[in-house]
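Everything on this sheet refers to the single structure shown next.
The values are calculated or read from the model by the stated rules, or taken from the named source; none is laboratory data. It should be emphasised that the depicted structure is a prediction, and the values quoted were computed from it without experimental measurement. Positions of Cβ are backbone-derived with ideal geometry, glycine not excepted, and every protein chain shown enters the neighbour counts. The protein model used for the area step is the full one, side chains on, heavy atoms only, and it has no ligands, DNA or RNA in it. Shrake-Rupley method; radii C 1.70, N 1.55, O 1.52, S 1.80 Å.
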Amino acid sequence: QFTTRVLSCRAAELRPEGGGEPVRGFEVVLEDTILFPEGGGQPDDRGLIGDVPVLRVTRRGPEAVHFVPTALDPGAEVLLSLDWERRFDHMQQHSGQHLISAIAEEMFGFKTTSWELSRQRSVIELDTPFMTAEQVEALEKSVNEKIRDRVPVTVRELAADDPEIETVRSRGLPDDHTGPVRVVDIKGIDSNLCCGTHVSNLSDLQVIKLLGVEKGKKNKTNLVFLAGNRVLKSIEQSHSTEKALTSLLKNGPGEHVEAVKRLQSSVKLLQKNNLNLLRDMAVLIAQDFKNKPAPKQLFVLHRKEGDSEFMNIIANEIGTEETLLFLTVGDEKEAGLFLLAGPVEAVENLGPRVAELLGGKGAGKRGRFQGKAAKMSRRGEVQALLQEFISHQNSEA
């Protein structure tokens, strides 16, 4: 916690990180702050000003701007409270990034070009087109050795014109930077220009797990990692999943993969058999209709299980020169597929209207109009429309 004073408060809007409508609130500048504004690849802190939640902290020149939902009085003395769990997580990931970047460059000459700290994992972009599994394993072993060595991490400030800055690892300063330059040192391993928050000793990182590499942009490689408490949370989540699979599959963790492979093979075989049965059923349904002594002018069928091929087989078997067919497949309460088949002129006239009634889209040619339906529950209205059309045609004849 930290006591400070409100310098200014003005109305503003905040766009949520996940998108959506802007949130109305206020931008507050304090005399000083313990809440880190986003920057340097690290997200911002969260916390409270008094009992007012801070929803975002951004940097504007030398100032930290706190976005809050409630106005604060300029000149008022306030108590700042920091969300320490979020802060410590960011400290672990950011110091972990410095360590990984330094050792990757020392061991393999891979320079870090950028990094991202997200909610679930962190990613370091390395200036190399690829990284082998052996290199990842060696790097992970080395960084964890440094953590066990309890190496100190210190912060110092240099004047902007200090020649020592040229010897410090850096990706450059922001264009609007003012004042001294902040350097984060991992003793004997790395010196880095950085505005972010860090642990005071590598032992605070606990452990680092490199999850692997992904193809990056422009011949670069993304190295994915977890540090500290995120590793423990990942293990906990994996263990819970393992327990659930053990219960479902009725075997030990070492047999899970083979059990799932067997299940996948069984499902594929069942799906194949099911499709063959649906095709046979489509033929039988069509033959049954054709064998009736007085075939109807309208054939309507809905089946929850089925696909476009199932509907088209029925249409092909029945023939559509004299009969108007309205076929649907899918859950009646959800979305599905439809097919309208019959005399070309009738289908061209009715197809778009059927699609509109079903809240879907479709297209057609040569006496077939098919597509997706969002409102399968309105099938009765479509049937009424088709019966009305046929009755009108009969009366004209």
Accessible area per residue of region 87-236 at 1.4 Å probe, in Å²? 52
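Tell me the carbon and sulfur percent of the accessible area for region 1-115, rounded to whole percent, probe radius 1.4 Å.
Working: 2770 of 5540 Å².
For region 1-115, the apolar C and S fraction of the accessible surface comes to 50 percent.
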Normalising by the residue count of region 68-180, find the relative contact order in percent from Cα pairs under 8 Å and 6+ residues apart. 17
Using 7 Å Cα-to-Cβ label points, what is the ARG156/VAL23 separation (nm, one decimal)? 4.1
Can you list the HN-Hα couplings for region 179-194, worked out from phi with the Karplus curve (6.51, -1.76, 1.60; θ = phi - 60°), rounded to whole Hz and with x for Gly and Pro? x, x, 9, 9, 10, 9, 10, 9, 3, x, 10, 7, 10, 9, 5, 7
Kindly provide the helix-only [θ] at 222 nm of the chain, computed as the sum of -39,500 (n - 2.57) over DSSP H runs of four or more divided by all residues, to the nearest 500 deg cm²/dmol? -12000 deg cm²/dmol
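Assign unit charges at the C-beta atoms only (+1 for Lys and Arg, -1 for Asp and Glu), then state the dipole size of region 278-396 relative to its Cα centre in Debye, rounded to the nearest 20. Write out the running numbers ahead of the final one.
Values: 16 positive and 17 negative charges, 42 e Å.
For this selection, approximately 200 debye.
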For SER395 and ASN349, what is the calculated FRET efficiency with R₀ set at 25 Å and r taken between the beta-carbons, to the nearest 0.05? 0.90
Probe 1.4 Å, protein heavy atoms only - accessible area per residue of region 278-396 in square angstrom: 57
Counting only C-alpha contacts under 8 Å and six or more residues apart, can you give the relative contact order of region 1-153 as a whole percent? 20
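Grab the other residues whose beta carbon is less than 10 angstrom from that of THR328, score K and R as +1, D and E as -1, and report the net.
Details: positive: ARG303, LYS304, ARG379; negative: GLU332.
So the environment of THR328 carries a net charge of +2.
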Label-point gap, in nm, between GLU134 and SER377 - each point 7 angstrom along Cα→Cβ: 6.3
Any chance you could look up the accessible area of HIS177 with a 1.4 Å probe, heavy atoms only, rounded to 10 Å²? 70
The ³J(HN,Hα) series, computed from each phi in region 119-124 with the Karplus coefficients 6.51, -1.76 and 1.60 at θ = phi - 60°, rounded to the nearest Hz and given as x for glycine or proline, is 5, 9, 7, 10, 10, 10
Using a Förster radius of 25 Å, what is the FRET efficiency between LEU211 and LEU248 based on their Cβ-Cβ separation? Nearest 0.05, please. 0.50
For the chain, modelled as a Gaussian network with Cα springs under 10 Å, which listed residue fluctuates most, ASP175, ASP44, ASP204? ASP175
Among region 31-55, those whose backbone N falls under 16 Å of a label point 7 Å along Cα→Cβ from ASP83 are 34-39, 42-55
Sequence order, region 68-84: Karplus ³J(HN,Hα) from phi using 6.51 cos²θ - 1.76 cosθ + 1.60, θ = phi - 60°, Hz rounded, Gly and Pro as x, gives 10, x, 10, 5, 10, 7, x, x, 6, 7, 9, 9, 8, 10, 9, 6, 5
Leaving out ligands, DNA and RNA, what percent of the accessible area of region 278-396 is carbon and sulfur, probe 1.4 Å? 47
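Which of the three applies to region 122-203, rounded, prolate or oblate, going by the alpha-carbon gyration tensor with a ≥ b ≥ c and a/c under 1.5 meaning rounded? Present the calculation step by step, with values, prior to reporting the outcome.
Details: a/c = 2.56, a/b = 1.52, b/c = 1.68.
Verdict is oblate for region 122-203.
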Please list the non-local residues whose amide H lies under 5 Å from the amide H of SER114, H modeled 1.01 Å from N, same-chain partners needing a gap of 5 or more. GLU125
Order by accessible surface, 1.4 Å probe, largest leading, for residues CYS9, CYS195 comes to CYS195, CYS9
Surface per residue (accessible, 1.4 Å probe) for region 2-82, Å²: 51
Consider a paramagnetic label point 7 Å from the Cα of LEU284 along Cα→Cβ; state which residues of region 290-330 have an amide N under 18 Å from it. 290-292, 301-307, 310-315, 317-318
Relative contact order, percent, the chain [alpha-carbon distance under 8 Å, six or more residues apart]: 10
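Given a Förster distance of 30 angstrom, what is the FRET efficiency for SER203 paired with THR241, based on the Cβ-Cβ distance and rounded to 0.05? If you can, show how the numbers build up before the last one.
Working: r = 30 Å, r/R0 = 0.99.
Once the sixth-power term is evaluated, E becomes 0.50.
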Build a GNM of the chain with springs between Cα atoms under 10 Å: which of PRO129, PRO352, PRO74 gets the top mean-square fluctuation? PRO352
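Sort ARG171, ARG156 by accessible area with a 1.4 Å probe, largest first.
The ranking, largest first, comes out as ARG171, ARG156.
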